[in-house]
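What follows is a short report on a single structure.
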Amino acid sequence: MRNQRWKGSKWWKEAVVYQIYPRSFCDSNGDGIGDLPGIISKLDYLKQLGIDIIWLSPVYRSPNDDNGYDISDYQDIMEEFGNMDDFDSLLREAHERNIRIVMDLVVNHTSDEHAWFVESRKSKDNPYRDFYIWKDPKDGKEPNNWGSWFSGSAWQYDEATGMYYLHIFSKKQPDLNWDNSALRHKVYDMMHWWLEKGVDGFRMDVISLISKDPNFPDGEVNGLYGDLSPYCAHGPHVHEYLQEMNREVLSKYDIMTVGETSCVTVEEAKKYAGKDRNELDMVFQFEHVSLGEGKYGKWSTDPVNLKELKAVWKKWEEGLEGVSWNALFWGNHDQPRAVSKFGNDSSEYRERSAKMLALCQMFMKGTPYVYQGEELGMTNASFDRLSDYRDVESINAYHEMVEQQGMPAEEMMSYLKRAGRDNARTPMQWNGDVNAGFTTGEPWIAVNSNYREINAKRQMDDPRSVYNFYREIIRLRHEEEVIVYGDFEMLLEESDQIFAYKRKLRETEVFVFCNFTPNHVKFEEQPAKASVLAGNYEEEPGGYLRPYEAVAYKISAPEES
Ligand code: TEU
Ligand code: CA
């Protein structure tokens, strides 16, 4: 692919990203918590898988109310993960293997233990007061009805000054005030510091929420509180601030940026990541992972409807064409396991459907993201007991739903088992030894009980494993220019069983057909003069696609064949 360069080509379009959630990846010292030396010890594993970029979930100093998404010092490393020397070694060792490292930039909020907030809460005239969002009580109560995304009110009363501060997430995650220019420039300085060190970009946490509606109006009530999203997502100055950040920082480096843009629409995405907008390179959208949500939002056990799923991908792939660039993912540290949500995690179909999802994702247009363990087909942990859960979102939601809203406990547990974030946060399954080889100590969260069957060691030795299928698909993605740069067209839109699309670059075409069901599905669309490029069955399909079958055909340009 790399024999040819043109204006639209970019290294981050040709790359495959692997997301590491450090706490759960590999523990080097037996304290039960994954760490930086642990990651270093697995770089060869990642190199063999074939990925190009690591997105590192937060490794900064943090009291861990939200596993590092609550940062108390942006320029220091979480004690449990190691120190700055370990980080420098990780960066060097990754670069030696041609693997880039993208940091998580969490600047919508800090920890309440960050020095800025410690100062800010001291007095109304503290120089850092305006770094956060403080409001007077209204009629002796919260300034408005907004509910936190992690349950309860989004406002926390602070005795010292008799005012409330805003926290969209937990009360230990106060929101920064991006309307304050001094704050913005502190953030830019910090970004420069990491970029000068040599990191290769940023994944920007909830960057769509940084600019709030200055009127702070009540939100529409659903449950106990009002919805803040319309007043915080894509707020009045968000694009202005991102353009400023781009001008002052991002444009000075050859890096990759991806915005986590909660609530984003195609129209907004074109602004955040439009080619000529000078903001970000791409954004994560959440419409496909939100399918199956119900009256309690994500707390639902409803299955994903394939036709809806296809409609969402069509909208995003075709909608961004030529204007922006897509980010392709099935899972991350906030989502249930991909194979459990979109595939079939029964012992009969787990491997087949995990491979199907890999092919379906990686041959679409955009930069693919693999979340740790996805390449093994790791499944939801589906813990039965509340005491096994560690996630602040899940635990708070349980208490609010069951204790304040009267939901039966069993019902809430069924939602946690299906949708809780800890499903994806159990330790990486390295081998069949005790604790899946993740730690010699007591893991901070229980290991999924299926680790003897599902683990990296076993799969690396098996040419037909999910892991080796990922390797193959990643290799093809690197080899076939059409998969990176070709146009995307959705096919068989009316089918409620087959997810199909075509990629085309000049004379070369790739056709992908994925059966999202455990049934044999009639299939007559084999393109003429095509050869099989990849598939998850040994033999080519006949007149049927077999359960969870995925197959890609290629028609080569005359001069290439
Ligand atoms: O997540 C943002 C976010 O919108 C979450 O509320 C997410 O949608 C939810 O967890 C799904 O149920 C980011 C991070 O990815 C997440 O881990 C953090 O907890 C959150 O921001 C706060 O920093
Ligand atoms: Ca450790």
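The values are calculated or read from the model by the stated rules, or taken from the named source; none is laboratory data. Remember, it's a predicted structure, so these values are computed and weren't measured experimentally. For neighbour counting, all protein chains shown are included, and Cβ atoms are generated from backbone atoms with ideal geometry for every residue, glycine included.
Summary table below
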| read-out | value |
| --- | --- |
| Elements of type helices (runs of 4 or more DSSP H) contained in region 328-413, each with 2 or more residues being surrounded by 21 or more Cβ atoms within 10 Å (Cβ to Cβ) and of a type in the set (D, E, K, R) | 350-362 |
| Residue identified as within 27 Å of M356 (Cα to Cα), over 21 Å from the mean Cα position of the chain (by Cα), not in a loop (DSSP other than H, G, I, E, B) and not polar (S, T, N, Q) among R458, R471 | R458 |
| Some residue of region 114-136 being touching a helix residue (DSSP H, G or I) at 6+ places or on another chain (Cβ under 9 Å) and either at pLDDT below 95 or among the acidic types (D, E) (or both) | yes |
| Subset of region 95-137 that is part of a strand (DSSP E or B) and under 22 Å from F216 (Cα atoms) - its residue that is farthest from ligand 2 (Cβ to nearest atom) | K135 |
| Odd one out for Y544 among (1) touching a Pro at 6+ places or on another chain (Cβ under 7 Å); (2) without any contact (Cβ under 8 Å) to a residue 60 or more places away in the chain | (1) |
| K307 outside any helix (DSSP H, G or I) and either more than 21 Å from the chain's Cα centre (by Cα) or modelled with pLDDT under 95 (or both) | no |
| Any pair with Cβ under 9 angstrom, 6 or more apart, that starts in region 51-66 at a residue that is within 12 Å of ligand 1 (Cβ to nearest atom) and ends at one that is basic (K, R) | W55/R203; S57/R23; S57/R203; N64/R23; D65/K171; D65/K172; D66/K172 |
| Members of region 469-492 found to be surrounded by fewer than 22 Cβ atoms within 10 Å (Cβ to Cβ), under 18 Å from E321 (Cα atoms), out of contact with any helix residue (DSSP H, G or I) (no Cβ under 6 Å at 6 or more places or on another chain) and not small (G, A, S), listed by number | E481, V484, Y485, D487, E489, L491 |
| Selection count where residues are more than 25 Å from the chain's Cα centre (by Cα) and not hydroxyl-bearing (S, T, Y), scope region 153-176 | 7 |
| Selection count, region 236-259, where residues are more than 12 Å from Y272 (Cα to Cα) and among the small types (G, A, S) | 1 |
| Near pairs, Cβ below 9 angstrom, 6+ apart or cross-chain, from region 180-192 (more than 17 Å from Y253 (Cβ to Cβ)) to any residue that is crowded, with 17+ Cβ neighbours inside 10 Å and at pLDDT below 95 | none |
| Region 202-235, subset among the hydrophobic types (A, V, I, L, M, F, W, C), within 17 Å of S148 (Cβ to Cβ) and not in a loop (DSSP other than H, G, I, E, B), residue farthest from ligand 2 (Cβ to nearest atom) | V221 |
| Strands (runs of 3 or more DSSP E) completely within region 496-538 that count 2 or more residues being surrounded by fewer than 15 Cβ atoms within 10 Å (Cβ to Cβ) | 531-535 |
| Test: residue in region 325-333 that is farther than 30 Å from I454 by Cβ and free of Cβ contacts under 8 Å to residues at least 12 places away in the same chain | no |
| Looking only at region 67-102, and only at residues there that are of a type in the set (D, E) and touching a residue at least 40 places away in the same chain (Cβ under 8 Å), the one that is nearest to ligand 1 (Cβ to nearest atom) | D70 |
| Qualifying residue in region 282-291 (condition: of a type in the set (G, A, S), within 25 Å of S9 (Cα to Cα) and either at pLDDT below 95 or within 14 Å of ligand 1 (Cβ to nearest atom) (or both)) | no |
| Contacts under 7 angstrom Cβ, first residue in region 34-48 being within 18 Å of E80 (Cα to Cα), partner away from ligand 2 (no atom under 16 Å from the Cβ), 6 or more apart | I40/E93 |
| Counted residues, region 256-271 - those being assigned to a helix (DSSP H, G or I), surrounded by fewer than 24 Cβ atoms within 10 Å (Cβ to Cβ) and within 16 Å of ligand 1 (Cβ to nearest atom) | 1 |
| Every residue from region 312-341 that is under 19 Å from S290 (Cα atoms), more than 16 Å from ligand 1 (Cβ to nearest atom) and not β-branched (V, I, T) | W313, K314, K315, W316, E317, G319, N326, L328 |
